[in-house]
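Below: one structure, written as structure tokens.
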Amino acid sequence: MKKITVIGLTISLFLSSCGEGFLNETDPTKVGVDVFYKNEAQLKQALSGVYSQIQTITNTAYLGGEFQTDNTTIDLNPSDRGGAGSWEAFEYGTVNSGNGEINNLWNNHYSALYNCNLTLEKMQEATIEEGPRKEIEGQLKFLRAYLYFNLVQYFGDVVIVTSTLVVPDPAFDLVRAPQTEVWAQIEKDLKDAIAGLPAKYTNAADKGRVTKGAALSLLGKSYLTMKKYAEAVTTLKEVTTLGYALNANYADNFDPSPAKKNGVESIFEIQYQGDNDLGEQSNFQYVFAPRVSKGAVTGYSNGANGGRNVPTNDIMAAYEKGDVRKDLSLKPNFTLDGKVYPVPFVSKYNYPHTIVNRTNTNWPVLRYADVLLMLAEAINEQSGPTAEALGYLNQVRKRAGLTDLAVAGKTEFRTAVLKERRLELAFENHRWFDLKRTKTPAEWAAFMNAHGATERAKPTVDRGNVPFNSTDYVYTENEYFLPLPAPQILINPKLAQNPGY
């Protein structure tokens, strides 16, 4: 992704003309859609605006990807329960349709989809050479597919929109498409993207933007999720021919220094730039820092520590002895003023920075290790634990400092590769989708209820005498999907709410 100050394109949900008189006057301080999108530079600015929206989505993606799984919990603040009705609900399994984070999740995805569609439409009339046109179109179609990849797993059936609306009335007749149609749209967009995207960008300023490898990897992951194992194997093997490799040092995947950012293992990551006033920074180091740690974790005592996404006792116990990933990924406690506090925290995004709350760390979405483990999983589901499948799994284990596994049965291998994904990709927002991909709704509910019972009996972090509610950590099959936001149902009852909410 080109890391420049992103030009925010303020675009209304629907393009419509106003009435007579002054409402038709042009505001000279704003750029209208009819005079923009005319050349390569403007199209790239619009594309950067979509990437910026993906940043916004990523900033809270841990709520769905990690927080509502067995990987992480909360450093609860007994004196301030302001998040009980929003982000805390993801931890305790009490999300409802009135949850503000659910509304943000839906709106942010569809706002980004609108801008993808608008730019794809407008670029057809732009003056631009064919090569750059294909690259921009390929990036936009990948991003549209990525947004739907998230939506279909969060909500199940969702509204498919691939064009903008001139007037608002048709929006009130939109209905949700079946998941099969959503996956078909994802597949189509990714195949189109693969055809137009380069394996690498020749311009260093474009480093970090979507490539052919990213589109192939997401397509392979989509096939794996749809249980199209033969297609997944073929697609993911193509990624292995594009020059990616595992970093020799696991920590290099998260190091934001210029020499290591977007390295050989990186396939697609959300770009952030800190240490300046451009507004492109990340701050996961602060969001995940224990509440009362002051500057012991972040280095800045005046930073706002969130106490969120705390590694659970369960995941801390899951690492094998000698696994180098554990010490990089998490810390079991912190020390402040000579006292040790037994509050774990995610540490894999913790690196020095020069301005409080403005870190330079990217967020990994697709890494080569992910591709190798997906290949191992897909081959096992198709043919059992072959030597090839074991080879892909053991490449990842070897980098972690572990011995090779020798697994005999398909079920045993399935368990082994899911565990390896949990630890290799810990706190990178893969866990919830992995659990859903490998479990039926009934199996998922039983699994999460077992985790909830463990956490209720022995909380990872002291709760300060705050009792659990009777509904905390109680899961039913309907929670396999999140509820649609209540405001959306009020606006358009034809959408219909997911069962059980």
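Here, each number is a calculation from the coordinates, and none is a lab measurement. All figures in this text were calculated on a predicted structure; none of them were measured in a lab. Here the Cβ is made from the backbone with ideal geometry for all residues, glycine too, and neighbour counts use every protein chain on show.
Just a few scattered comments:
- Built amide H within the under 5 Å cut-off of PHE334, gap 5+: TYR341, VAL343
- Segment 129-215, dipole about Cα centre (Lys/Arg Cβ +1, Asp/Glu Cβ -1), debye to the nearest 20: 420
- With both labels modelled 7 Å from their Cα along Cα-to-Cβ, the GLU181 to ARG437 distance reads 2.5 nm.
- Loop-located trypsin sites (Lys or Arg not before Pro) in segment 43-128 (DSSP state other than H, G, I, E, B) with a sparse environment of at most 14 neighbouring Cβ atoms within 10 Å: ARG81.
- Aspartates and glutamates whose Cα lies under 12 Å from that of LYS398, excluding same-chain neighbours fewer than 8 positions away: ASP323, GLU420, GLU424
- Theoretical FRET efficiency, 1/(1+(r/R0)^6), r = Cβ-Cβ of ALA304 and ILE489, R0 51 Å, to 0.05: 0.90
- VAL167/LYS200 FRET efficiency (R0 60 Å; Cβ-Cβ; nearest 0.05): 0.90
- Built amide H within the under 5 Å cut-off of ALA177, gap 5+: VAL158, VAL159, ILE160
- Scoring 467-473, 71-77 by mean Cβ neighbours within 10 Å over their residues and listing the highest first yields 71-77, 467-473.
- Computed from backbone phi, the HN-Hα couplings of segment 263-278 come to x, 5, 8, 6, 9, 7, 9, 7, 7, 10, 9, x, 6, 7, 10, 7 Hz, rounded to whole numbers (Karplus: 6.51 cos²θ - 1.76 cosθ + 1.60, θ = phi - 60°; Gly and Pro given as x).
- Segment 43-57 - phi-based ³J(HN,Hα) in whole Hz, Karplus 6.51/-1.76/1.60, Gly and Pro as x: 5, 5, 5, 5, 4, 4, x, 5, 4, 4, 5, 5, 4, 4, 5
- Relative protection proxy for 359-366, 328-335, from highest mean packing down: 359-366, 328-335 (other beta-carbon atoms within 10 angstrom).
- In this simple spin-label model, placing a label point 7 Å from the Cα along the Cα-to-Cβ direction at both ALA259 and THR471 gives a separation of 5.3 nm.
- Applying 1/(1 + (r/R0)^6) with r as the Cβ-Cβ distance of ALA457 and THR335 and R0 = 25 angstrom yields a FRET efficiency of 0.35.
- Taking every alpha-carbon pair under 8 Å whose residues sit at least 6 apart, the chain reaches a relative contact order of 20 percent.
- Of LYS44/LYS228; LYS38/LYS260; LYS188/LYS227; LYS188/LYS212, those spanning more than 24 Å from alpha-carbon to alpha-carbon: LYS44/LYS228; LYS38/LYS260
- Protection proxy ranking of 182-190, 259-267 - average other beta-carbon atoms within 10 Å, highest first: 182-190, 259-267
- Restricting the chymotrypsin sites (Phe, Trp or Tyr not before Pro) of segment 35-76 to loop positions (DSSP other than H, G, I, E, B) with no more than 13 neighbouring Cβ atoms within 10 Å leaves nothing.
- Computed [θ] at 222 nm, deg cm²/dmol, the chain (DSSP H ≥ 4; -39,500 (n - 2.57); rounded to nearest 500): -13500 deg cm²/dmol
- Compactness of the chain - radius of gyration and Dmax, Cα, Å: 22.8, 77
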